[in-house]
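Notes follow once the structure below has been shown.
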Amino acid sequence: MEQSRECYIKAKQETEAQPTSNKWGWVETSIWTERMLTALENGVKGGRWFSLIDKVYSAKTLEAAWKQVKANGGAAGIDKITVERFESRAAEYLMEIERGLKENRYQPQPVRRVYIPKENGKMRPLGIPSVKDRIVETALKYVLEPIFEHEFLEVSHGFRPSRGCKDALRDVDKGIKTGEVWVVDADLKSYFDSIPHDSLIERIEEKVSDGRVLSVIKGYMKQEIFEETKQWTPERGTPQGAVLSPLLANIYLHGLDKTITQKGHKMVRYADDFVIMCKTREEAERAMETVREWVKSNGLELSAEKSHIGNCTIEGQGFEFLGYRFEAGQRFVRKKSFDHLKEKIRGKTFRTRGDSLQKITEDLNKTLKGWFEYFKHAHKHTFKVIDGFVRRRLRALLRKQDKRPGMGKCLRDHMQWTNAFFAEHGLFTMVEAHEAAVQSR
């Protein structure tokens, strides 16, 4: 037990060891002054924050939140007020929001639900709040996020300031290199839709005692959802697409982070996607049982078919994490990620596209460079396959422009439009980019 506590304390110390100037450089300074940050670092009386609503409805906070919402853009909510329309009357609308929050009568509007395609061909539900609600949620996030960031552990990387996928992947690499190759790959079933509201509020109340702030948060949890002719009030979950949703989701899983860390296991989590890295199968089995117990006691559910234990150095026992597949001592691109890129390439190189090769190449390069920057640590064979696929698509397109049907695979096409030909037209080549990246390490 003492050893478990030492593991947790060490993780907390790593979080708190950063200089204040670096650690809090991301906060909204109109809210989080040096005095407030000092109070946060030293700890407030009783460990809970009171009187925060005035920080939320402050004109400076709402103005900063509006600027962020404007920069993010996005579609109109159910009230049909676009970002552009809001901007034309921003001063008036912001004053309305301020008065509503100040007088404790602000009511979130219903969320408009739409569906966007997922990589596997299925559709993902997405809620679109009104611009006004996006502003209020952003203001709440500005006020609340530092309070909970001060508690979060290093094992968590998703939707947090100055952290991201690459940090999580770097931790996974470190674990594998130090022999933590037995991996618990656990998948939470419909996590964002399953979080129990009462339990989530209890976790927020551990740090926030302002009843008016809690009331606004509860209002967002209970926002009605409109989908074509249907409407309903959710009983669980946080709406996907809402500004506040990622922070709330991290607050709820912080308990899992603490539990796994206190047991002495190495965990790497990005939102609801996490792995636990162990040195032996026995340790991995104990970690999986801990996960099962925590998930069950906290009103969530594991996906049996997607959760497993394996030795990632053995072929067939690997795991997928953040777009990669770790297996047999190698890092590959996950099939879904690979297929998604190919679909994007197809969308930019359909044979009836009438643009010049120069314009098509410039369009392709934006996608290819961004994809390579993220997946440049994958197995080198990946890049040769993609380069060949891109050039084949372009040859088929050029044949069509020459009014010759075909797929661009014959020797004549390769002789007419060589690899050097595409290079002269500025086509980004992943093989060359990978070789340059390897040499610069």
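The values are calculated or read from the model by the stated rules, or taken from the named source; none is laboratory data. These numbers come from a predicted model, not from an experiment. Glycine gets a Cβ as well: all are built from the backbone with ideal geometry, and neighbour counts include every protein chain shown. The accessibility values were calculated without ligands, DNA or RNA, using every heavy atom of the protein model including side chains. Shrake-Rupley method; radii C 1.70, N 1.55, O 1.52, S 1.80 Å.
The set of residues in segment 72-87 that are of a type outside the set (V, I, T) and either within 12 Å of R134 (Cα to Cα) or assigned to a helix (DSSP H, G or I) (or both) comprises N72, G73, G74, A75, A76, G77, E84, R85, F86, E87. Considering only segment 309-329, I want to know if a residue exists there that is open to solvent by 60 Å² or more (accessible area, probe 1.4 Å), closer than 30 Å to L368 by Cα and hydroxyl-bearing (S, T, Y). Within segment 309-329, one or more residues are open to solvent by 60 Å² or more (accessible area, probe 1.4 Å), closer than 30 Å to L368 by Cα and hydroxyl-bearing (S, T, Y).
Within this structure, A90 fails the test of being under 23 Å from the mean Cα position of the chain (by Cα) and not hydroxyl-bearing (S, T, Y).
Taking only segment 229-252 into account, find how many residues are in contact with a strand residue (DSSP E or B) (Cβ under 7 Å, 6 or more places away or on another chain) and at pLDDT 95 or above. Looking only at that region, the number is 1.
Taking the criterion of being in contact with a helix residue (DSSP H, G or I) (Cβ under 6 Å, 6 or more places away or on another chain) and more than 28 Å from K266 (Cβ to Cβ), the only residue of segment 183-205 that qualifies is H197. Pairs are defined by a Cβ separation below 6 Å, a sequence spacing of at least 6 or placement on different chains, a first member in segment 424-441 that is on the phi < 0 side of the Ramachandran plot, and a second member that is surrounded by 17 or more Cβ atoms within 10 Å (Cβ to Cβ) and among the acidic types (D, E); the pairs so defined are T429/D387; M430/D387; V431/D387. Quickly run through segment 29-41 and pick out the residues that are among the charged types (D, E, K, R) and out of contact with any Asp or Glu (no Cβ under 9 Å at 6 or more places or on another chain). Within segment 29-41, E34, R35 qualify.
Selection of segment 274-306 for residues being open to solvent by 50 Å² or more (accessible area, probe 1.4 Å) and touching a residue at least 60 places away in the same chain (Cβ under 8 Å) yields K279, T280, R281, E301, K306.
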